[in-house]
Amino acid sequence: MRLNPFNTGNINVRSSGGGGMGKAGGLGCGTIVIAALGYFIFGMDPFQTAGMVENVSQSQQQAGPANTDEQAICTSGPYATEACNALQSLNQTWASTFQDQGFGDRFQQPTLDLFSGGVRTGCGNASAAMGPFYCPSDQTIYIDTSFYDQLARQLGAPGDFARYYVIAHEYGHHIQTVTGIADQIRSAQSQNPRRANQLQVLMELQADCYAGVWAGKNRNLIEPGDIEEGMQAAAAIGDDALTQGRVSSENFTHGTSAQRSEALRLGLEGDDRRCDAIVNMG
């Protein structure tokens, strides 16, 4: 995908490099949620992952302030440059979408934190082993770019569009936060805990759909093979593919390979309102 180079000042980016994580004061719900993501990305047990987070965070010294030199961060490596280019494109696409629908004043840019090893977030402490995630409390997308190598080698999903799909999915969670969809789903989960996983799947599938919307609105930048890379990545991180039958479907939290691929395909039509039908299914 031929994205335009980022311009300093157009994006909110920082780096919590060096693996620094503040000392944990116990595991909050945010840390547990992030640990669960590690399970569904890498097949880890969520409680083992949570324990790892606590152990890592307690063994680290207090982290210093995050680096906010956008130019230095975004030119620190090819993956970092890709991520900054994608963030700028996502900002422009979604700001325009909000404006076109009469909600321009509601749009807010997220922050991208390209951390290394571990990071303290508004949702708790996290390690790179959990993969990319979005924290609604500080409206930040967290990515340790070493994940992209694992995406290619371990999950069989190489290519720049596969990497763009990852950040666009997390950006989709930001859109859900800004629009209030995320709060609505959390409220529904608290009111009906037995459906919590099912509702979480719908939220994840909508984020996949939003990722497709961004790509669909930038079709002039898509190159041959990009869509196939995205579909391959979506299929690779389906709950059924990752757990290989070790977890029953009622415990899925992100959707099957087929569901994730279909949600991405729906978004590629370029109409974000089509994605609303996914959460309305709940």
| field | Selected residue (only one of Pro132, Pro158 is surrounded by 21 or more Cβ atoms within 10 Å (Cβ to Cβ) and either free of Cβ contacts under 8 Å to residues at least 24 places away in the same chain or out of contact with any Lys or Arg (no Cβ under 8 Å at 6 or more places or on another chain) (or both)) | value | Pro132
| Could we say that Gln139 is farther than 22 Å from Lys217 by Cα and at pLDDT 95 or above here? | yes
| message | Looking at the range 65-78, I want the residues that are of a type in the set (Lys, Arg) and have a partner that is not in a loop (DSSP other than H, G, I, E, B) with Cβ atoms under 9 Å, at least 6 apart or on another chain. Which pairs are those? | response | none
| task | Mind listing whichever residues of the range 255-282 are touching a Leu at 6+ places or on another chain (Cβ under 8 Å) and not charged (D, E, K, R)? | result | Gly255, Gln259, Ala263, Cys275, Ile278, Val279, Met281, Gly282
| note | Filter the range 233-282 for residues that are out of contact with any helix residue (DSSP H, G or I) (no Cβ under 9 Å at 6 or more places or on another chain) and either buried (at least 20 other Cβ atoms within 10 Å of the Cβ) or among the small types (Gly, Ala, Ser) (or both); the one that is modelled with the highest pLDDT is Gly245
| note | Asn197 vs (1) crowded, with 23+ Cβ neighbours inside 10 Å; (2) touching a Ser or Thr at 6+ places or on another chain (Cβ under 7 Å): all pass except (1)
| remark: Given the conditions (1) modelled with pLDDT under 90; (2) part of a helix (DSSP H, G or I); (3) of a type outside the set (D, E, K, R), every one holds for Ala211 apart from (1)
| If you scan the range 245-282, which residues turn out to be in a loop (DSSP other than H, G, I, E, B) and within 26 Å of Asp160 (Cα to Cα)? | Thr253, His254, Gly255, Thr256, Leu268, Glu269, Gly270, Asp271, Asp272
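The values are calculated or read from the model by the stated rules, or taken from the named source; none is laboratory data. Please read all numbers here as calculations on a predicted model, not as lab measurements. When we count neighbours, we look across all protein chains shown, and the Cβ atoms used for this are built from the backbone with ideal geometry, even at glycine.
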